Amino acid sequence: MSANEISFRIGGEAGQGVESSGAGFCQALTRAGLQVIGVPSYYERIRGGHNFYSIRAANRQEPVWSVRENVDVLIALNAETVSEHVGCVNPGGVIIVDEQINLEPLRPRLEGRDLHLLVVPIKAIAVEHGGEVMTNTAALGVAAAVTGFDVAHMIGVVEDNFRSKGERVVDANRAVIQEAYDLARERYGLLFAQPLGQRQAPPRLSLHCNHAFAMGALVGGCKFMAGYPMTPWSSVLEYMASHAAEWGLVVKHAEDEIAAVNMAVGAAYAGVRAMTGSSGGGFDLMVEGLSLAAITETPLVVFLSQRPGPGTGLSTRTAQGDLFMAIYASHGEFPRIVLAPHTPEEHFYAAARALNLAEKYQCLVIVLSDHYFANTVTSRDRALFDLDAVLDGIERGKWLTPDQLDAMDEYKRFALTEDGISPRAIPGSHPKAVFLTSSNEHQQDGHITEDPQIVVAMANKRLGKLRAIQGEIRPPLRHGPEEADVTLVSWGSSYGPVREAVNVLNEGGQSANMVHFVDLWPFPAEAARQALSGARRTVVVETNITGQLAHLITAEAGIPTPERMNRYDGRPLTYEYIVAHLED
């Protein structure tokens with residue numbers, strides 16, 4: 001079997017360290033210069049239930065954009081993993097199990113298959129050196145041995161990850177990996193035609209998109225974040241809190257999402273860059289606060305990480321079902337911007353860009369992500385994250401200086417302007433920067449009014465910002481040949497699987513290209529018409545049931561309803577799923 005790329009899957013029950021070991025192995029593979037993607041699948045429980053972590057590693061220059069449905073190496077921490085995934089192991093593949101796992105009930109399903117069943121005393125090795133908790137570490141040592149992966153990279157990750165727990169823990173994990181590796185090398189040798197090896201590559205990061213977004217927010221000048229934990233957005237809040245001291249940031253763990261959004265509105269009103277975030281029902285609770293930010297023309301950035309609903313739905317699964325909610329949530333009519341980043345580096349830049357746009361236009365900006373992005377680990381070149389570009393590109397919008405305030409007869413916070421954007425002053429920072437603000441409709445100086453002429457003028461002022469905002473909206477991205485028999489259309493986390501599906505289709509002799517939407521509101525109608533005007537067959541690929549992007553394409557751009565490929569079982573897309581369902 002070729003080792004140009006190898007797919008792994010480690011499975012067990014919650015509490016066996018499936019996700020931590022999978023993420024650690026991704027990190028080790030990345031350090032070896034390989035292109036890596038790792039996707040966890042887990043239930044909404046602390047212990048019990050079948051969890052697994054899928055990894056695809058490739059010795060190539062181009063990133064891997066999607067995990068595969070089938071795998072080459074299955075690491076089974078319990079019998080259920082073998083039962084669930086034996087049918088997904090490629091011919092010639094490997095199954096690694098502990099010698100204490102009873103496989104007798106599964107013998108009929110294992111016999112006659114073209115695979116290597118490796119029964120190894122991985123639990124005994126772990127117990128010998130310190131405890132059963134290291135069983136997953138031993139299993140990964142076996143996987144490294146039979147694929148020809150240098151165990152030194154795994155040991156390096158263990159040393160970094162466990163150093164805070166003391167040298168004794170580091171030594172124990174190091175010994176477990178080495179013994180399991182040596183035993184497997186001696187007993188089985190290399191089971192692939194070529195070793196997985198390593199590759200000379202530029203420095204790379206192994207990270208998921210939530211951390212990338214938080215990094216971009218910090219570099220982009222965010223100074224206040226409030227939130228309430230909720231899967232899958234929580235890791236953004238946790239990352240910001242863990243780096244608050246070194247970045248001069250205030251992070252508030254609010255009592256609920258209503259408090260969080262109002263705290264963020266208050267902080268932004270006071271003049272600092274502020275944001276909040278949530279998922280599912282937590283975002284529902286924030287909706288009134290969005291309208292408060294709109295009437296007060298306060299910059300607000302909200303990170304919305306989607307998961308399947310309605311209700312609690314599938315809290316540990318993924319979906320793209322909240323696009324309409326992001327566009328239409330809250331009462332009244334007001335301008336907003338919806339961004340949908342599609343890679344870790346795009347999440348990094350989207351955070352800073354959202355802060356810029358919110359302040360520049362004094363409006364709401366929603367960054368739309370999802371559970372797949374929150375947990376999928378990918379290898380990315382460090383050069384893709386340009387901190388200086390973010391720092392140099394910070395835009396604070398219309399801020400009045402003390403001299404400008406001195407020259408005014410009267411400061412009007414909501415002054416009618418040609419572009420709809422009123423100059424801002426930090427409340428109370430100057431004798432003239434003392435003004436009224438409320439959630440009622442108001443005059444230019446903030447006093448409440450119901451005068452119909454002023455009501456119309458203020459509504460026109462706020463919506464008038466859309467003329468300039470339209471110029472900020474990026475057109476959809478393209479990939480593949482200019483002309484093709486089928487055009488796959490996507491947004492958000494569909495990007496990677498769709499891109500790889502396009503590559504596979506073209507390599508297989510078919511003709512396909514891709515149009516991917518990155519900025520979703522205001523909808524880039526004219527750009528959509530241009531991008532899709534020559535398409536012979538258009539298929540919109542989304543992880544929702546109603547085809548929300550497909551609806552927007554028709555409603556906003558006037559393009560006849562395209563074909564739809566919708567996955568809504570909570571599981572992530574793969575390029576194999578897309579290719580297999582293209583004719584459905």
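Only the coordinates and a few stated rules stand behind these numbers; no lab work does. Predicted model, so just to flag it, every value in this text is computed and none were measured. Reconstructed Cβ throughout: ideal geometry from the backbone, glycine too, with neighbour counts over all protein chains shown.
Miscellaneous remarks
- All of (1) at negative phi; (2) out of contact with any Gly (no Cβ under 7 Å at 6 or more places or on another chain); (3) of a type in the set (Gly, Ala, Ser) hold for Ala512 with one exception: (2).
- When Glu69, Glu99 are screened for being within 28 Å of His342 (Cβ to Cβ), surrounded by fewer than 16 Cβ atoms within 10 Å (Cβ to Cβ), in contact with a helix residue (DSSP H, G or I) (Cβ under 9 Å, 6 or more places away or on another chain) and acidic (Asp, Glu), only Glu69 passes.
- In the stretch 1-30, residue surrounded by the most Cβ atoms within 10 Å (Cβ to Cβ) [restricted to those that are among the polar types (S, T, N, Q) and not in a helix (DSSP H, G or I)]: Ser7
- Out of Pro310, Pro341, sole residue that is within 18 Å of Phe523 (Cβ to Cβ) and of a type outside the set (A, V, I, L, M, F, W, C): Pro341
- Test: residue in the stretch 158-169 that is free of Cβ contacts under 8 Å to residues at least 24 places away in the same chain, assigned to a helix (DSSP H, G or I) and either hydroxyl-bearing (Ser, Thr, Tyr) or within 17 Å of Asp72 (Cα to Cα) (or both): yes
- Restricting the stretch 141-156 to residues that are within 15 Å of Ala172 (Cβ to Cβ) and among the hydrophobic types (A, V, I, L, M, F, W, C), the residue that is surrounded by the most Cβ atoms within 10 Å (Cβ to Cβ): Met154
- Where strands (runs of 3 or more DSSP E) fall entirely within the stretch 323-427, those with at least 3 residues that are farther than 27 Å from Gly22 by Cα and out of contact with any Phe, Trp or Tyr (no Cβ under 7 Å at 6 or more places or on another chain) are at 364-370.
- Unmet criterion (only one of (1) buried (at least 20 other Cβ atoms within 10 Å of the Cβ); (2) out of contact with any Asp or Glu (no Cβ under 6 Å at 6 or more places or on another chain)) for Ala79: (1)
- In this structure, Arg45 does satisfy being more than 21 Å from Asn161 (Cα to Cα), among the basic types (Lys, Arg) and assigned to a loop (DSSP other than H, G, I, E, B).
- Scanning the stretch 171-184 for residues being among the charged types (D, E, K, R) and either closer than 18 Å to Ser206 by Cβ or crowded, with 17+ Cβ neighbours inside 10 Å (or both) gives a total of 2.
- With respect to (1) over 21 Å from Gly17 (Cβ atoms); (2) exposed (fewer than 15 other Cβ atoms within 10 Å of the Cβ), the lone exception for Arg168 is condition (1).
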